[in-house]
Amino acid sequence: MSNKSAARRRDFLKTSAVAASLLAGSPAAARSDDQAPADSGNPGRRYVIRGGAVMSMDPNVGDFEVADVLVEGKKIVAVRPRIDAGGAKVIDARGRIVMPGFVDTHHHQFETAERSFLPNGLLQNDGSGSPSASPNYTEHVLRGFAKVYRPQDVYINELFAGLSQLDAGVTTVLDVSQIHHSPEHSDAAVQALMDTGRRATFGYFESDGREGARYPEDARRIRDQWFSSDDQLVTMVMGGELHLGKEVYTRAWTIGRELGLKVVAHAVGAFGMRPTLDEVAQGTGGLQVGPDNLFIHMTGMSDETWKKIRDAGAQVSLAIPIEMVMRHGTPPILKMRELGMEPSLSSDVETTMAADPFTLMRGAMTMQRMLVNQLVLDQGDPVPPNHWPTPAEGTPSLLTVQEVLRYATSNGAEHLGLGDRTGTLTPGKHADIVLLDTTALNVAPLNNVPGAVVSLMDRTNVETVIVAGKVRKWRGRLLDADLDRLRRELEASRDYLFKTYGMRKDLFA
Ligand SMILES: [Zn+2]
């Protein structure tokens, strides 16, 4: 800038109404009452979240440009404008979006020590000799690092992943822990989920088949010891992986159903699983697919199996960014639209992609709309005049931000069997709530609530997070967690795992 233009700029600023604050860099407006409500989540404790833009995700409750949410104990009592809350503590939500916490229906939390270990990695070695072929997920994570985990590694990896997602506004997760080498490993995983203080579904999946592993029979002990009550933040589902072979998955599904647990399995065409799922879906393998099944990915599956899955009322979780990057196959988002099904969203693995809900939602939006937009363009002609065709009848509709928010909240809750207690802001449900800052530099001014969340926000906008009425993150800071200490423990675990597995740590690989 020349001296002359700098002088002109100073002259302008002198006369500008905003000059003072621009030059002083004044701190964010202080709030008069800036403490989290005491004993939040405890029986009888009331507070009101006042004056936010409320997006309930419940069509019967609706959305409000300005409204309040009254919480008592663990539960939402009321959602409407101008609630008279008596002397209840007020959380000032002006300038904030108030909505249900996000739900992730498939996350391998035990792999946190290997975060970004596979930024280019594929599922398996494809023989190309490329940097994506090796290291890869199957060889180096599932059959590599996973083998050397001790129970204490399981614990700190799970805990750190959970706190990280809680910080990002994910109040409910299905943790697909394939690390059950011993009952002690299983107990460490459950303990970490409970210590995280967020809603979680513990997915009891397999080990690497070593002696001492008790999958799937140990499900009975785990259920008795940890999950005798349904009235707790952490619940359980049964892993029933089809690639383990018919004998094992039949036992796992049978035990899961005996215990009244949902049965969850990956279904990945790129892993050669299509014939197995065909057999299961047709009912020719002795098992029946039902509404208690959740299938993950569903890439490359047959049309006939898709119809069976839909008709059986089973659910599907899509990990769209991971499926696109790691060669699972094209996420079947158009197939689901064709069948009138809706997915929930999942993060899958942080070896390769971030686990925040904004990455998942934008992945779904950009991927689905790319496919549909090109379908429409292909109905025209790159050369005018028919270069902008009207979509032909039967063309799939474009995914909207409202729909993708449903995928990321209420669908996830329903798919985990938790729809009666979370996923929407509905009086009587548990108070799993996030406050998102619309005054932030990357969001203001607020013109569209679902649009701001899906297309603009990231985890820095997640200001306050509440789980079952308890405030877990307050004004940008996670509560009740010594993150420096936990990070050091995770780093120590990482160092142990790399050393024991014999993998050299290379920060620029
Ligand atoms: Zn997975």
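Which pairs have Cβ atoms under 9 Å, sit 6 or more apart or on different chains, and link a residue in the stretch 475-500 that is assigned to a helix (DSSP H, G or I) to one that is at pLDDT 95 or above and small (Gly, Ala, Ser)?
Matching pairs, first to second residue: Leu490/Ala113; Glu491/Ala113; Ser493/Ala113; Arg494/Ala113; Asp495/Ala113; Tyr496/Ala113; Leu497/Ala113; Phe498/Ala113.
Hey, Gly269 hits all of (1) of a type outside the set (A, V, I, L, M, F, W, C); (2) within 16 Å of the ligand (Cβ to nearest atom); (3) under 18 Å from Arg257 (Cβ atoms) but one; which does it fall short on?
It fails just one condition, (3).
Of the residues Glu247, Glu258, Glu279, only one is surrounded by fewer than 24 Cβ atoms within 10 Å (Cβ to Cβ) and either within 22 Å of Pro332 (Cβ to Cβ) or touching a strand residue (DSSP E or B) at 6+ places or on another chain (Cβ under 8 Å) (or both); which?
Just one listed residue meets the conditions, Glu279.
On the basis of being open to solvent by less than 100 Å² (accessible area, probe 1.4 Å), among the aliphatic types (A, V, I, L, M), in a loop (DSSP other than H, G, I, E, B) and modelled with pLDDT under 95, does Ala29 make the cut?
The answer is yes for Ala29.
Give Leu398, Leu418, Leu425 a once-over and let me know the one that is among the aliphatic types (A, V, I, L, M) and either open to solvent by 50 Å² or more (accessible area, probe 1.4 Å) or not in a loop (DSSP other than H, G, I, E, B) (or both).
Just one listed residue meets the conditions, Leu398.
Please find, among Val443, Val383, Val376, the residue that is away from the ligand (no atom under 16 Å from the Cβ) and assigned to a helix (DSSP H, G or I).
Val376
Among the residues of the stretch 69-88 satisfying the criterion of being assigned to a strand (DSSP E or B) and open to solvent by 50 Å² or more (accessible area, probe 1.4 Å), which is farthest from the ligand (Cβ to nearest atom)?
If we take residues in the stretch 69-88 being assigned to a strand (DSSP E or B) and open to solvent by 50 Å² or more (accessible area, probe 1.4 Å), then Arg80 is farthest from the ligand (Cβ to nearest atom).
Would you please list the contacts, defined by Cβ atoms under 8 Å and residues six or more apart or on different chains, that run from a residue in the stretch 77-91 that is over 18 Å from Thr424 (Cβ atoms) to a residue that is in a loop (DSSP other than H, G, I, E, B) and open to solvent by 70 Å² or more (accessible area, probe 1.4 Å)?
Note: pairs meeting the criteria are Val90/Asp33.
Working carefully through the options Ala200, Ala192, find the one that is in contact with a strand residue (DSSP E or B) (Cβ under 7 Å, 6 or more places away or on another chain) and either surrounded by fewer than 23 Cβ atoms within 10 Å (Cβ to Cβ) or in contact (Cβ under 8 Å) with a residue 12 or more places away in the chain (or both).
Ala200
Hey, can you tell me all the residues within the stretch 364-387 that are open to solvent by less than 20 Å² (accessible area, probe 1.4 Å) and either among the hydrophobic types (A, V, I, L, M, F, W, C) or under 21 Å from Val176 (Cα atoms) (or both)?
Residues satisfying the conditions are Ala364, Met367, Val372.
Return the residue satisfying two criteria in turn: it lies in the stretch 313-332 and is within 16 Å of the ligand (Cβ to nearest atom) and among the β-branched types (Val, Ile, Thr), and of such residues it is most open to solvent (accessible area, probe 1.4 Å).
Val325
Among the residues that make up the stretch 275-293, is at least one of them under 21 Å from Pro357 (Cβ atoms) and touching a residue at least 12 places away in the same chain (Cβ under 8 Å)?
no
Output the residues belonging to the stretch 123-137 that are open to solvent by 10 Å² or more (accessible area, probe 1.4 Å) and more than 11 Å from the ligand (Cβ to nearest atom).
Listed by number, the residues that qualify are Gln124, Asn125, Asp126, Gly127, Ser128, Gly129, Ser130, Pro131, Ser132, Ser134, Pro135.
Which one of these is closer than 26 Å to Ala146 by Cα and of a type outside the set (Phe, Trp, Tyr): Thr305, Thr284, Thr352, Thr330?
Exactly one residue qualifies, and that residue is Thr352.
Which one of these is under 25 Å from Asn136 (Cα atoms), over 15 Å from the mean Cα position of the chain (by Cα) and not aromatic (Phe, Trp, Tyr): Pro391, Pro332?
Just a single option satisfies the conditions, and that option is Pro332.
Quick one: in the stretch 264-276, which of the residues that are in contact with a Ser or Thr (Cβ under 7 Å, 6 or more places away or on another chain) and open to solvent by 40 Å² or more (accessible area, probe 1.4 Å) is nearest to Ile322 (Cα to Cα)?
By that ranking, first place goes to Ala270.
Please go through the stretch 455-474 and give me each residue that is among the polar types (S, T, N, Q) and free of Cβ contacts under 8 Å to residues at least 60 places away in the same chain, ordered by number.
Of everything in the stretch 455-474, those that are among the polar types (S, T, N, Q) and free of Cβ contacts under 8 Å to residues at least 60 places away in the same chain turn out to be Thr460, Asn461.
Could you list all residues from the stretch 333-356 that are touching an Asp or Glu at 6+ places or on another chain (Cβ under 9 Å), open to solvent by 10 Å² or more (accessible area, probe 1.4 Å) and more than 14 Å from the ligand (Cβ to nearest atom)?
Once the filter is applied, which keeps residues that are touching an Asp or Glu at 6+ places or on another chain (Cβ under 9 Å), open to solvent by 10 Å² or more (accessible area, probe 1.4 Å) and more than 14 Å from the ligand (Cβ to nearest atom), the stretch 333-356 yields Lys335, Glu342, Asp356.
The values are calculated or read from the model by the stated rules, or taken from the named source; none is laboratory data. Since we're looking at a predicted model, the values are computed, not measured. All Cβ positions, glycine included, derive from the backbone under ideal geometry; neighbour counts span all protein chains shown. Side chains are part of the model used for accessible areas, which takes the heavy atoms of the whole protein and leaves out ligands, DNA and RNA. Shrake-Rupley method; radii C 1.70, N 1.55, O 1.52, S 1.80 Å.
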